[in-house]
Amino acid sequence: MVVTCSKENGIAVVKVGSALTAASVDAFREQLSSWQSAEPEVKNYVIDLERVDFMDSAGLGTLIAVLKRITERGGDMKIAHLQKKPRMVFEITRAYKVFEIYDTVEEALKGFE
């Protein structure tokens with residue numbers, strides 16, 4: 001699992017490098033958490049799922065936990081580039097009602113304006 005974190009206009013852009021499954025969520029959580037510790041002033045996040053072609057319930061649960069943690073710190077989280085198979089997980093579980101989902105990172109960033 002490779003997670004790349006960068007900042008654009010003070011907003012974190014988190015690119016997830018592979019499927020979010022029970023086997024990979026711990027690494028995702030650890031990498032994101034260490035970046036959050038290093039950048040405590042960053043409140044808002046865009047999670048870029050362009051390279052995530054598969055997600056199971058553990059992956060979705062982790063995204064919900066991350067959203068909860070970010071909102072508890074006074075921030076918000078948006079999702080960009082939700083692919084076809086993970087989108088089905090969002091639709092079946094109605095998670096699309098919990099997250100703001102955008103087609104591109106640029107649109108998600110504009111959602112914070």
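Any read-out appearing in this document is the output of simple, stated calculations on the displayed coordinates, not a laboratory observation. Just so you know, these numbers come straight off a predicted model, no measurement behind them. Note that we place each Cβ from the backbone using ideal geometry, even for glycine, and neighbour counts take in every protein chain shown.
Remarks
- For GLU100, the residues whose amide H sits under 5 Å from its own are ILE79, ignoring neighbours fewer than 5 places away on the same chain, with H placed 1.01 Å from N.
- Note on log10 I(q)/I(0) by the Debye sum over Cα atoms at q = 0.10, 0.17, 0.21 Å⁻¹: of the candidates [x] -0.24, -0.74, -1.20; [y] -0.33, -0.86, -1.13; [z] -0.38, -0.82, -1.09, the value calculated from this structure sits at [x].
- Rounded to the nearest whole Hz, the Karplus-based 3J(HN,Hα) values (6.51 cos²θ - 1.76 cosθ + 1.60, θ = phi - 60°) of the stretch 84-91 follow the sequence 4, 5, x, 4, 4, 4, 5, 6, with x at glycine and proline.
- Taking amide H as placed 1.01 Å from N in the peptide plane, the amide H of GLU50 sits under 5 Å from that of VAL16, each at least 5 places away or on another chain.
- Residues in the stretch 97-102 carry Karplus couplings, in order, of 7, 8, 9, 8, 10, 10 Hz; the curve used is 6.51 cos²θ - 1.76 cosθ + 1.60 with θ = phi - 60°, and Gly or Pro positions show x.
- 18 Å Cα cut-off, lysine pairs counted over the chain (separation 8 or more, or different chains): 18
- Here the dipole of the chain is about 280 debye; that uses its Cα centre as origin and unit charges on the Cβ of Lys and Arg (positive) and Asp and Glu (negative).
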